[in-house]
1. If you project the alpha carbons of region 64-167 onto their three principal axes, what span does each projection cover, largest first, in Å?
2. Compare the peptides 221-231, 140-150, 34-44 by average per-residue count of other Cβ atoms within 10 angstrom and give them in order, highest first.
3. Just grab the label-to-label distance for Arg257 and Lys528, each label 7 Å out from Cα along the Cβ direction, in nm (one decimal).
4. Take each of the peptides 163-176, 319-332, average the number of other beta-carbon atoms within 10 Å over its residues, and list them starting from the highest.
5. Which shape class applies to region 238-340: rounded if a/c is under 1.5, otherwise prolate when a/b exceeds b/c and oblate if not, where a ≥ b ≥ c are the square roots of the Cα gyration tensor eigenvalues?
6. If R₀ is 45 angstrom, what is the calculated FRET efficiency for the pair Leu284 and Asp98, using the beta carbon separation as r and rounding to 0.05?
7. Based on the mean of other beta carbon atoms within 10 Å per residue, what is the order of 430-439, 472-481, most packed first?
8. If I model a spin label at Arg435 and Ala305 as a point 7 Å from the Cα along the Cα→Cβ vector, what separation in nanometres do I get?
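FYI, it's all coordinate maths here, none of it is from the lab. Every value quoted in this text rests on a predicted model; they were computed, and no experiment measured them. FYI the Cβ positions are ideal-geometry reconstructions off the backbone, even for glycines, and counts take in every protein chain you see.
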Amino acid sequence: MANHDTFAPKLGDFTSSAPPARLSPLRLVVAAMVFLLSVVMAAGMNASVDDTFITLTYARNLVETGFPYWHPSLPPVEGFTSLGHVLLIALVHATGPDPVVASAVVTLTSLALLFAALAHALRGMTFLAYAAGLLTFGACTSLNTWVSNGLDAVPYTLAFFLAYLSTLHAHEARRLSILTALALIGLVLMRPEGMIIAPVVLVHFWLTNRPTSADRRTSVLLTAAPIVVIFALTAWRLWAFGYPLPNTFYAKASATRTIEVLQGLEYTWTWVSSSFGALVLATLIAMRLGLTPVVHLCFVFGTIALVILEGGDSHPESRFFLPLLPLLAVDVARLVNVCSHVPGGNLRAVAIIIASLLFVRQTDNAAVHHGSRLVPPHLLRGVDKITSDQKGTLEMVLGSGASAWAATAQRLAAVAFTDDQIGAVDVGAIAYVTRRPVLDAMGLNHAGIAHAPRPEDFANKWGNLRFDKVAEAAPPIIYPAFPWQTDFSFDDLVTGRHACGPLARDLSFRVAPFVDALEESYLCTAVKDADSGLVLNFLAHRTAYDTARLSGLDYTQSNCLPGLVAACPY
């Protein structure tokens, strides 16, 4: 390989400090086409997540009240994981668009900037390598999943990748820049993991670089900036919420550190065996060939270690590993770039591209195997959704699942008074649509439940389910199912047996352990809609929810919890 030095780990190949290789019109077109491909694939997925409504609720309340309340009448709680994401949505919402549209603006803008940053990072490579990196990134099922549901994964991936690129630049220049400091601050604001990553990046910089005397003072000041933000953010959390981390971290925490790490290892294995994690092989090969900067390896394997230590994530679509996708795409491009410069290497380059695309599409098969709610993207379905004039804004932006959950929430709002508290399992859509104070039985938005004792074998799950704690507050209404479960019986919830209709697999969270806490105070209530005939099942408090509230409605009530009545009210 005569020109092997061309492919040595020179940071200039991936940062703007090197003489820029301008993107040709053809390369710009390729980047735009892959971006549009990703958007259309995301539109066809309908991978709705109720947690998105939680973020939208906080963002709306921030604009309306000046503070990120879950509800102004409830104690402050940090039920959102990404402060930066809430701030971005609130900023767009404050200019006019509703929070749902604001969420789409933030997500799509972040995705477009990610493609621009990746195209910039690959600009000095061959056309085949450039296209390989963009396709590996844009065709990934996990990426398109998180584009489609509006959570913080895509904006956080952007912050992570910008921090990575600016860190490479800092090591090449042997000094920190304002852009590096701003990128690290953005990472800190986007997710709590940034409070660990940023200091580690800065320590590594000072251990491996000696800025000149002229640059040293500036670099010291720029080092202090992210650290000051970390301390200020922690102090604000302690003052506003009473805890140094978001409430979600406490609600989902395993019973012991050992269980947490084992969960993290299982999550990592699933990512490698059933998703785009197999692309780490490209990183290892590039490392073996001497193509990968040390900083790159630190970002990749440091993130893997951090995810293992925090126990992974309950979502099956590799959310916590998504920030690594653009870095792994760069590694794929590096290998294709090397192959493109040797005789007969184009065939090997094509083989690498095909293998990479198979890896990033592998989540489709995993979703079927594991029975997750992930729907394989379909270009025609995405095109149909985008071009259809029959879709409402909510369904267009967050998927048909979100639209169905909102419909359930609207039916709850029709039978609840304005100041009624509602206890629920999945609380996002209910809180966003009804605007009622919602008590989160999972504890994501309820500090008391998040910090309540849990079983000794409790592993990182959706939350610390405690209906007994919700019952102590005596909310007039408890909705014990998930919002998409409009066809269920109370016996389904208590026993798990099929009684009145199809049950989602997520009914692993049974009401049974909490029957004693509920049966003395709650009646099983069913209200039938006069127009559609749809039945809304919920638990109504015996005293706080008197039958006068149901006057004029077609309803039934029964003392079904003690007897585990198997029949539907209707």
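1. That gives 58, 27, 25 Å along the principal axes, largest extent first.
2. Per-residue Cβ counts within 10 Å, averaged per peptide and sorted highest first, yield 140-150, 34-44, 221-231.
3. Label at Arg257, label at Lys528, 5.8 nm between them.
4. The packing order, highest mean first, is 319-332, 163-176.
5. It is prolate, given that a/c is not under 1.5 and a/b is the larger ratio.
6. Given R0 = 45 Å and the Cβ-Cβ separation, E is 0.45.
7. Highest-to-lowest ranking by the protection proxy: 430-439, 472-481.
8. Label-label distance for Arg435 and Ala305, simple model: 5.0 nm.
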